[in-house]
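Remarks on the structure that follows.
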Amino acid sequence: MPALFSTHEVTNQSPPFEGRNLFADDAPLQSAVARHAPDAAAALHDLGAAFGSREAFDRGRLANEYPPRLKTHDRQGRRLDIVEYHPAYHECLAQSFAAGLHCSTWEHLATPGANPRPGAQVARAAGFYMAAQMEAGHCCPVTMTHAAVPTLRLAPDLAAEWLPRILSRIYDPSFRPAPEKNSVTFGMGMTEKQGGTDVRTNATTAEPIAAGAGGGTHRLIGHKWFMSAPMSDAFLVLAQAPGGLSCFLVPRFLPDGPINALHFQRLKDKLGNRSNASSEVEFEGAEGWLVGEEGRGVPAIIEMVTATRLDCAVSSAGLMRLALANAVHHTRYRTVFQRRLVDQPLMALVLGDMALDVEAATALSFRLAAAVDEAWHDERQRAWVRLMTPVTKLWVCKLAPALVYEAMECLGGNGYVEEGLLARIYREVPVNAIWEGSGNVMALDMLRVAQREPEAMAQVLDELATASAGHATLTGACARIRNWLGEPQFIEARGRQISEALAVLAAATLLQAHAPAAVSDAFIATRLAGAPRQLYGQGLEGSDVRGILARVLPT
Ligand SMILES: Cc1cc2nc3c(=O)[nH]c(=O)nc-3n(C[C@H](O)[C@H](O)[C@H](O)COP(=O)(O)OP(=O)(O)OC[C@H]3O[C@@H](n4cnc5c(N)ncnc54)[C@H](O)[C@@H]3O)c2cc1C
């Protein structure tokens, strides 16, 4: 006989969502990899098992429940400027480093004259998409280290020294000078109090103090208002040199051993992204070396920022998929009014409708990764990268919060408590839209391409028109974009409208070409035709919702 007052038997609850293979379970991801990087599928299958394991999900939980702490001084008042993390955070980084998510696309650089490995960007993006599902905060130093390489290469002497350290897959969190370490991580310092988008207002100064290779050594004085991953081994930092705003490599340790003068004031108390530390920092005469030409700091760091924008879209797509898979999983077990939730018609429509956005976000993000793979030798892919990076970043990152919120609601009250995954994902997703160029900035970047690089816009539109041929709704959408672009007096006002239209049309053509008809027909019918809508769960009458959901998570 049960003891009085003991907890009731737990019934009608879903089993924990863990121990899943994040690759094998995810049909849209597998399909993107099969299209663009088929040779990577086997390794990604193994990675999907590792990143979706119970232990990996637990690491993600711990890394966020025990956020990093800043230690500015020791007990006797000496400066320390170190951040302590929970071991689970380091374990996440060690896993992602072992998978090469910070370096795999650059490994050809170790061999003089070698070309990039075909499909390397897509393979890495697929790993990154799954790493974000395991734990999103640690992805920040992974993406910054990966993205630092194109900027670093603008300074061949510095690249020769630092690139071999980036290419190591052995994560090394020790606080030591870089030459003594197995590997390094990179951060970036652009945003100041008075401006993050408008970095030309940066007030940090860089004064030349010693001649040497490249532009010699500079002394940096100033502040950065957001500088994430402050325990990185080096940062790419913007500062005003005599010749104008320039990019500098600022290491944590000086070449002769002492700690460089980066003094952390505090860590941001953030809505989400808790496992990742983001600092306010003073550069009190920190030494740095010029990267690229003096006065050309923005073009130099934009190389890094462009790569991180792809990662923002990829990780948002991954988090959308994780939220939806959680919702589908829960509703397959939970019974309400004698019927499983997933079989309640209105719930199935909500889930199926969300699945269309996950399909679209995934297809679009991996199409962009594939374009990055080919851009070095293919002008059309370069045009896609130039135009569709801001478009994809804007659209995918902005879809995520609304979708994650709806997925949370599918779990009812259990979705809203911190012990579940959904609350953490919900707090995490807005940041991808905010950093690395927020919404309006992306729309303006798209318009810049339209106005200054019309040939790139024309190439993408021609590709979309060819893919739309014979389909009245798609050709209509294509014509609408051309009309808007033909009205220069309204062009800025239409920045978001044209961006969204390009994203939806591109996603529709991709789904039409590569997804089952149930997915592409429903996406086109609801996103490009039909009644105006803002809520999920509309317009899928007659669609194969079961088929659509099977692609989110196998039964
Ligand atoms: C968690 C976190 C970590 C971060 N880590 C780093 C880091 O490691 N390194 C770093 O350098 N920065 C970092 N940032 C800063 C981030 O990149 C900036 O917050 C971002 O670039 C926006 O800059 P801002 O905050 O100054 O906003 P603002 O530039 O003031 O922009 C505010 C709003 O105005 C909009 N806007 C801007 N220009 C226009 C325009 N012309 N027309 C219409 N709208 C416009 C923007 O889209 C935005 O919505 C981080 C931010 C966060 C939240």
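The values are calculated or read from the model by the stated rules, or taken from the named source; none is laboratory data. In this text the structure is predicted, and so the values were computed from the model without any measurement. Cβ coordinates were reconstructed from backbone atoms using ideal geometry, including for glycine residues, and neighbour counts include every protein chain displayed. To get the accessible areas, we keep the full protein, side chains included, count just its heavy atoms, and leave off ligands, DNA and RNA. Shrake-Rupley method; radii C 1.70, N 1.55, O 1.52, S 1.80 Å.
Among the residues that make up segment 364-373, is at least one of them within 26 Å of Q497 (Cα to Cα), basic (K, R), in contact with a Leu (Cβ under 6 Å, 6 or more places away or on another chain) and open to solvent by less than 30 Å² (accessible area, probe 1.4 Å)?
yes
Do we find a residue being within 15 Å of the ligand (Cβ to nearest atom) and open to solvent by less than 10 Å² (accessible area, probe 1.4 Å) anywhere in segment 322-332?
Scanning segment 322-332 turns up no residue that is within 15 Å of the ligand (Cβ to nearest atom) and open to solvent by less than 10 Å² (accessible area, probe 1.4 Å).
Within segment 316-372, restricting attention to residues that are in contact (Cβ under 8 Å) with a residue 24 or more places away in the chain and among the aromatic types (F, W, Y), which residue is nearest to G412 (Cα to Cα)?
By that ranking, first place goes to Y333.
If you go through segment 168-175 one residue at a time, do you hit one that is touching a residue at least 24 places away in the same chain (Cβ under 8 Å) and within 11 Å of the ligand (Cβ to nearest atom)?
Scanning segment 168-175, I find no residue that is touching a residue at least 24 places away in the same chain (Cβ under 8 Å) and within 11 Å of the ligand (Cβ to nearest atom), so the answer is no.
For V441, all conditions in the list (1) away from the ligand (no atom under 16 Å from the Cβ); (2) open to solvent by 30 Å² or more (accessible area, probe 1.4 Å); (3) part of a helix (DSSP H, G or I) hold save one; what is the number of the exception?
The number of the failed condition is (1).
Could you check segment 106-156 and list, in sequence order, the residues that are open to solvent by 10 Å² or more (accessible area, probe 1.4 Å), within 15 Å of the ligand (Cβ to nearest atom), assigned to a loop (DSSP other than H, G, I, E, B) and not hydrophobic (A, V, I, L, M, F, W, C)?
none
So, of the residues in segment 176-195 that are within 21 Å of T143 (Cβ to Cβ) and out of contact with any strand residue (DSSP E or B) (no Cβ under 7 Å at 6 or more places or on another chain), which turns out to be farthest from the ligand (Cβ to nearest atom)?
Going through the qualifying residues, I end up with N182.
For Q459, are the conditions met, namely being in a helix (DSSP H, G or I), in contact (Cβ under 8 Å) with a residue 60 or more places away in the chain, of a type outside the set (D, E, K, R) and open to solvent by 20 Å² or more (accessible area, probe 1.4 Å)?
Considered against the rule, which asks whether it is in a helix (DSSP H, G or I), in contact (Cβ under 8 Å) with a residue 60 or more places away in the chain, of a type outside the set (D, E, K, R) and open to solvent by 20 Å² or more (accessible area, probe 1.4 Å), Q459 comes out as yes.
What do you reckon, is V404 crowded, with 22+ Cβ neighbours inside 10 Å, part of a helix (DSSP H, G or I) and either in contact with a helix residue (DSSP H, G or I) (Cβ under 8 Å, 6 or more places away or on another chain) or not polar (S, T, N, Q) (or both)?
Yes.
Conditions first: (1) among the aliphatic types (A, V, I, L, M); (2) at pLDDT 95 or above; (3) not in a helix (DSSP H, G or I). A531 passes all but one, so which condition is the exception?
For A531, the exception is condition (2).
Residue pairs, Cβ under 9 Å, 6 or more apart or interchain, first in segment 196-214 and more than 25 Å from W225 (Cβ to Cβ) and open to solvent by less than 60 Å² (accessible area, probe 1.4 Å), second more than 13 Å from the ligand (Cβ to nearest atom) and of a type outside the set (F, W, Y). List them.
A210/G216; A210/T217; A210/H218; A210/E287; G212/D157
If only one of D256, D269 is part of a loop (DSSP other than H, G, I, E, B) and either at pLDDT below 95 or away from the ligand (no atom under 13 Å from the Cβ) (or both), which one is it?
After ruling out the rest, the residue left standing is D256.
Out of curiosity, is V350 in a helix (DSSP H, G or I), open to solvent by less than 10 Å² (accessible area, probe 1.4 Å), more than 27 Å from V441 (Cβ to Cβ) and of a type outside the set (D, E, K, R)?
Answer is no for this residue.
Just to verify a result, which residue in segment 205-241, among those that are touching a Ser or Thr at 6+ places or on another chain (Cβ under 6 Å) and aromatic (F, W, Y), is farthest from the ligand (Cβ to nearest atom)?
W225
Filter segment 314-335 down to the residues that are more than 27 Å from A147 (Cα to Cα) and part of a helix (DSSP H, G or I) and list them by number.
If the condition is that a residue be more than 27 Å from A147 (Cα to Cα) and part of a helix (DSSP H, G or I), then L324, A325, N326, A327, V328, H329, H330, T331, R332, Y333 are the ones that fit.
To keep it simple, each residue is scored yes or no on (1) within 30 Å of A63 (Cα to Cα); (2) in contact with a Leu (Cβ under 7 Å, 6 or more places away or on another chain).
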residue	(1), (2)
E161	no, no
R169	yes, no
M188	yes, yes
R200	no, yes
